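Chemist: Questions regarding the structure given below will be posed in turn.
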Amino acid sequence: MPQPQAPMYRRIYARLTADRGPGKKKLWVLLAIPLAVLFCLFLATAAAGYLYFAHGLPSIEWARHYRPSIVSTVWSGDEQLAGEFYNERRVVVPYEKIPQRLKQAVIASEDKDFFEHGGLSFTGLVRGLYQTYVRHKRIVGGSTLSQQTAKAIMASVEGDKSVRVRTGRKGVERKAREFILTRRLETNFDKEHILWLYLNEVYLGHHSYGVQAAAENYFRKNVWELTLPEIALIAGLPQAPSEFSPFAHPEKAKNRRSYVLRRMFEEGMITARERKEADEAPINVYPVQDIFRETSPYVTEHIRRDLVARYGNERLLNDGLKVYATVDLERERDAVAATIKGVIEADKRQGFRGALLHLPHKEWDDFSRKEQAFLEGEGKSDEVIAALVTGVAKDGKTVNVRVGKGEGTVSIDTAWWARKPNPEVNSEYSKITTLKGVVAPGDVVLVRASDKQGEYALEQDPKLQGAIISTDPNSGYVVAMIGGYDFEKSEFNRAFQACRQPGSAFKPLVYSAAIEQRAFTASTILLDAPIVTDDDSTGRRWKPQNYEEEFKGEVPVRLALIHSMNTPAIRTLQAVGVKSAAAWAHKLGITTKINEDLSMALGSSCVYLSDLTGVYATFNRMGRKAKMIYLRRVLDRDGRILEDHSSFYDPWTWLSDRVAAGYAKLYDVPEQVMAPETAFLMQQLMTEVCKPPGTGGRAAALAKPVAGKTGTTNDLFDAWFMGYTRDLVTGVWVGYDTYESPMDKYATGGHYALPIWLDYMQKALKGVPQGEFESPSENITWVSVDGETGKRATPETRQPVMEAYLKGNEPPDESGAVATTPGQGQQPGQQAPNAAQAADQMLKGGL
């Protein structure tokens, strides 16, 4: 009968302890059991540790489907980069687009055994531990490229906190997690994929994540266009981007570049000659561009707010949206230049607010040294800089100034405007004749260099503000928009966020309501005489005046609008009705609350410049309500269209897209908010405003058909000009942000806002012909009338004018009246004889 066998562990033990010789046992046998137990404990601990540290690690799918945070870009209508939004400025490029030498440079300087090891370098690990825990320095050269890639993934997914801790229990935990993720990368991907991840993830300083962003930031190139010296500089940055910054530490950057070139040479990647030439090449890097602030900040910020409201801030900063704006950067620059020039000139008319500060003589040299340091490397032509007044000539015609270590003069010819501020004074008749009492030795003032060496013009930082919006009425595109004098000092967008009284620029809304609802014509007689009304709510009596402070008696509508008379506008409002006029204004596009009283006719209700510009665009579009479009198209990172507002009239849009936009327009019919004939008749009246002697007569200097209206508030806090040609509608506002003090008594829309409008429009429409304003229908007839009375012209009429009327509404045909066809006298829309020359004279006298 077979004997039952002993348990297996006893049989194994028996074999291990069996005598191999008389009375002897092997020593290793005695140690086997405890070693086996220790080994099992090690395996169990390692497994537990692996499970513990691996818990919550980023999925390897992140690296398989690589979609990191990338930069969102804003492109202008003419396909120029206008802005960027990002948490990490990264532009992902394919592996094959990255130069082979850049890959070699990174491997040579960071991880020469990259293609041989399995992701971990134990010699590097020992060296890193020694540096960290023995010498108490940060780890240098202790990580492979695979480990650095793992670290970057953890930082991207878990946040920067996961990689900031260097020592202690948390440091060990982070390192363990990093090792595990490194092995996963090595197991799942080939070396090329890991290197591609690294080169697109690595931080290279100055907001540059990845090699493409670094190439753009430092050299304004694509990564595949880099030269060997540029490649070596970028390859040397990963270890310490701040320490080796070519901006902050150019010598250290050059030494680090030399190290990279040496390593490339030692590894046989470049020749000795290439190394020498690259090592001797100067480091030429460009300042990091702030595209947002340098290009069109008010436009880009407006777009940013809109995108955040609809897509969320996180998506804008991380998802690489490609945004196409409507702004034309060439016209935007023209608008910036016109606004800055116009605001500076208008601000000078308010007087000189005094020196920036006054220094005792003992501090003059110290200030000059600081100023010299400030000026070093700065372009001085047309730049406003601080200067120290060192003396005033006996005749008061010049002052001596010190600019850094240089000397110069400021003459009365450039400082005639520097009177003491006084809003009761008309700036046109208050030019100073001496600089004595204006500045004194020790004063620090602002000056601008002139064309002549050593001669400067006195300047001051404007307190006045200005805003401008320009839109294409055909497409609805906003082609230029300025929200203030200086975005750096104030991001408040006065084109959209400032609700200001429009003054007489509101009158066309009232008159258009009268044309549509009360059959007013250019010849309708209105009484320009005093009006007195009592406000029951305040107990105050209101006596509106004309700007000229005189009354004309009976006048036709055309004269009342041309000369911007106030009491005829009020009587027009009475004919329309206050509530009806308020509803009409809202129908045309005003979104703000309208004061439902007679002061509405004089523009007492605050409006946004953007709204009022839209109303004038509606006049241009013959009553079809205008849209103000800022975003042409938005694409996601994969090129899918999220929204598209492209216009058929957009020359920068592909033909297929234009056709699609034209087809879509068939189903997006604009609202007809007023009769086309009403819009045209109102437009024709506004063309008369823009010829001398109208309040907008300076606009005739554009030498193109123009319609528009000036606006000035009674308290002189706001000056406007709203005007347009056939293809461009532009609104301008000038004023103070606060109501602390008014502008000077000459601060009309024609003197302050219109010059900015004209300066911009002359540049924006240079070489661009503008057609005449065309009648929208056969219901419009032209009649020769007496411009002073509005009655039909007779052979005795000295200056007949052609005026437009709705058929059946023209002045009565009296005996001896001339023909009503536009073939006689001045043609419809034709500029008055010498109108442009007369406007030039007005500009010379008023500027």
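The values are calculated or read from the model by the stated rules, or taken from the named source; none is laboratory data. All values reported here derive from a predicted model rather than from experimental measurement. Because the Cβ atoms are built from the backbone with ideal geometry, glycine has one as well, and the counts that use them run over all protein chains shown. Areas reflect the complete protein model, heavy atoms only, side chains present, ligands, DNA and RNA absent. Shrake-Rupley method; radii C 1.70, N 1.55, O 1.52, S 1.80 Å.
Chemist: For the range 716-789, what is the relative contact order in percent, using Cα pairs closer than 8 Å and at least 6 residues apart in sequence? Before the final figure, lay out each step's value.
Modeler: Numbers: 70 pairs, mean separation 23.5, N = 74.
RCO, the range 716-789: 32 percent.
Chemist: Also, quick follow-up: Output the Cα-based Rg and Dmax of the range 593-749 in Å, rounding Rg to one decimal and Dmax to a whole number.
Modeler: 19.1, 58
Chemist: Counting other Cβ atoms within 10 Å, keep those with at most 13, restrict to DSSP loop, and tell me which trypsin sites (Lys or Arg not before Pro) in the range 427-536 are left.
Modeler: On the way: sites: Lys431, Lys436, Arg448, Lys452, Lys463, Lys489, Arg494, Arg500, Arg518; in loops: Lys431, Lys452, Lys463, Lys489, Arg494.
When the trypsin sites (Lys or Arg not before Pro) of the range 427-536 are filtered for loop state and at most 13 Cβ neighbours within 10 Å, Lys431, Lys452, Lys489 remain.
Chemist: Quick one: Cα convex hull volume of the range 378-449, Å³ per residue? Numbers along the way, then the final one.
Modeler: On the way: hull volume 7.1 nm³, N = 72.
Measuring per residue, one finds 99 Å³ for the Cα hull of the range 378-449.
Chemist: Keeping the other protein chains in place, figure out the carbon and sulfur percent of the accessible area of the range 168-269, with a 1.4 Å probe. Kindly include the intermediate steps, with their values, before the conclusion.
Modeler: Details: 2000 of 3960 Å².
Carbon and sulfur atoms account for 51 percent of the accessible area of the range 168-269.
Chemist: Moving on to the next point. If all Cα-Cα distances of the range 324-374 are sorted into 10 Å bins from 0 onward, what percent lands in each bin, rounded to whole numbers?
Modeler: 18, 23, 23, 24, 9, 2
Chemist: Using only the Cα atoms of the range 418-470, each taken as one equal point scatterer with no solvent, compute I(q) by the Debye sum, divide by I(0), and report log10 of the ratio at q = 0.15, 0.17, 0.22, 0.27 Å⁻¹.
Modeler: -0.66, -0.81, -1.12, -1.24
Chemist: Using 0.36 nm times the number of residues separating Glu788 and Asp78, minus their current alpha carbon distance, what extension gain do you get? Don't skip to the end; give the middle numbers.
Modeler: Values: separation 710, 0.36 × 710 = 255.60 nm, distance 4.74 nm.
That pair, Glu788 and Asp78, stretches by 250.9 nm at full extension.
Chemist: Further question: Compute, for Arg624, the solvent-accessible surface of its heavy atoms (probe 1.4 Å) with the complete set of protein chains present, and express it in square angstrom to the nearest 10.
Modeler: Rounded to the nearest 10, the figure is 90 Å².
Chemist: Can you work out ³J(HN,Hα) from phi for every residue in the range 393-402, in order, using Karplus 6.51 cos²θ - 1.76 cosθ + 1.60 and θ = phi - 60°, giving whole Hz and x for Gly and Pro?
Modeler: 4, 4, 7, x, 8, 9, 10, 8, 10, 10
Chemist: What FRET efficiency, computed as 1/(1 + (r/R0)^6) with R0 = 51 Å and r the Cβ-Cβ distance, is obtained for Ala583 and Trp416, rounded to the nearest 0.05? Write down the numbers at each step before the final one.
Modeler: Values: r = 50 Å, r/R0 = 0.97.
Result of the calculation: an efficiency of 0.55.
Chemist: Pull up the cross-link candidates among the aspartates and glutamates for Lys191, meaning alpha carbon to alpha carbon under 19 Å and not fewer than 8 places away within one chain.
Modeler: Result set, ordered by chain and number: Glu61, Glu96, Glu110, Asp111, Asp113, Glu116, Glu178, Glu201, Glu267.
Chemist: Compute the Kirkwood hydrodynamic radius of the range 456-569, taking the inverse of the mean of 1/r over all pairs of distinct Cα atoms, and give it in Å to one decimal. Display every interim value, and only then the final one.
Modeler: Numbers: mean 1/r = 0.0556 Å⁻¹.
Result for the range 456-569 stands at 18.0 Å.
Chemist: Still on this structure, I have one more. Tell me, what is a quarter of the convex hull surface for the C-alpha atoms of the range 754-802, in nm² with one decimal? Spell out each step's value before the answer.
Modeler: Numbers: hull surface 24.2 nm².
Reported value for the Cα convex hull: 6.1 nm².
Chemist: Right, next: Give the accessible area for Thr73 in Å² (nearest 10); use a 1.4 Å probe, count only protein heavy atoms, and leave out ligands, DNA and RNA.
Modeler: 20
Chemist: Restricting things to Cα coordinates, could you compute the convex hull volume per residue of the range 718-780 in Å³? Please list the in-between numbers first.
Modeler: Details: hull volume 7.5 nm³, N = 63.
Expressed per residue, the convex hull around the Cα atoms of the range 718-780 is 119 Å³.
Chemist: Kindly provide the trypsin sites (Lys or Arg not before Pro) of the range 553-598 that DSSP labels as loop, not H, G, I, E or B, and whose Cβ sees at most 14 other Cβ atoms within 10 Å.
Modeler: Values: sites: Arg558, Arg571, Lys579, Lys587, Lys593; in loops: Lys593.
Of the trypsin sites (Lys or Arg not before Pro), the ones in loops of the range 553-598 whose Cβ has at most 14 other Cβ atoms within 10 Å are Lys593.
Chemist: Mean projection of the alpha-carbon convex hull of the range 248-314 over all orientations, in nm²? If you can, show how the numbers build up before the last one.
Modeler: Working: hull surface 31.4 nm².
Value for the range 248-314: 7.8 nm².
Chemist: Calculate, in nm to one decimal, what Tyr95 and Gln453 gain on full extension: separation in residues at 0.36 nm each, minus their alpha carbon distance.
Modeler: Extra length available between Tyr95 and Gln453 comes to 123.4 nm.
Chemist: If you take the alpha carbon radius of gyration of the range 169-306 and divide it by 2.2 N^0.38 Å, what ratio comes out, to two decimals?
Modeler: 1.28
Chemist: What distance in nm separates the two pseudo spin-label positions at Ala393 and Asn426, each 7 Å out from Cα along the beta-carbon direction?
Modeler: Result: 3.0 nm between the two label points.
Chemist: Return the tail of the calculated pair distribution for the range 348-489, meaning the percent of Cα-Cα pairs more than 28 Å apart.
Modeler: Details: 2941 of 10011 pairs.
Here the tail beyond 28 Å accounts for 29 percent of pairs.
Chemist: Arrange the residues His249, His302 by how much accessible surface each exposes, largest first, with a 1.4 angstrom probe.
Modeler: Working: His249 75, His302 45 Å².
Ranking His249, His302 by accessible area, largest first, yields His249, His302.
Chemist: Something else now. For Ala36 and Glu274, FRET efficiency with R0 = 45 Å and r from the beta-carbon atoms, rounded to 0.05? Kindly include the intermediate steps, with their values, before the conclusion.
Modeler: On the way: r = 59 Å, r/R0 = 1.31.
Efficiency, from the Cβ-Cβ distance: 0.15.
Chemist: What nm distance separates the two modelled labels at Lys463 and Thr227, each placed 7 Å from Cα along Cα→Cβ?
Modeler: About 5.3 nm, to one decimal.
Chemist: Give the long-range amide H neighbours of Tyr485: residues separated by 5 or more places, or on another chain, with amide H under 5 Å away, using H modelled in the peptide plane at 1.01 Å from N.
Modeler: Correct list: Gly466.
Chemist: Using the basic label-point model (7 angstrom from Cα toward the beta carbon), what is the Leu527 to Val288 distance in nanometres?
Modeler: 7.1
Chemist: With charges set only on the Cβ (+1 for Lys and Arg, -1 for Asp and Glu), what does the dipole of the range 179-328 come to about its Cα centre, in debye to the nearest 20?
Modeler: Details: 20 positive and 22 negative charges, 45 e Å.
Approximately 220 debye in magnitude.
Chemist: With no solvent and one point per C-alpha, what does the Debye sum give as log10 I(q)/I(0) for the range 247-405 at q = 0.11, 0.15, 0.20 Å⁻¹?
Modeler: -0.91, -1.05, -1.25
Chemist: Could you put Arg174, Arg331 in order of accessible surface area, largest first, with the 1.4 Å probe and the full protein assembly present? Walk me through the numbers on the way to the answer.
Modeler: Numbers: Arg174 15, Arg331 50 Å².
My answer, sorted largest first, is Arg331, Arg174.
Chemist: How high is the FRET efficiency between His193 and Leu642 when r is their beta carbon distance and R₀ equals 41 Å, given to the nearest 0.05? If you can, show how the numbers build up before the last one.
Modeler: Values: r = 30 Å, r/R0 = 0.73.
So, using R0 = 41 Å, E works out to roughly 0.85.
Chemist: Shifting gears a bit: Please list Tyr311, Tyr198 in order of solvent-accessible area, largest first, computed with a 1.4 Å probe with all protein chains present.
Modeler: Working: Tyr311 50, Tyr198 10 Å².
Putting Tyr311, Tyr198 in descending order of accessible area: Tyr311, Tyr198.
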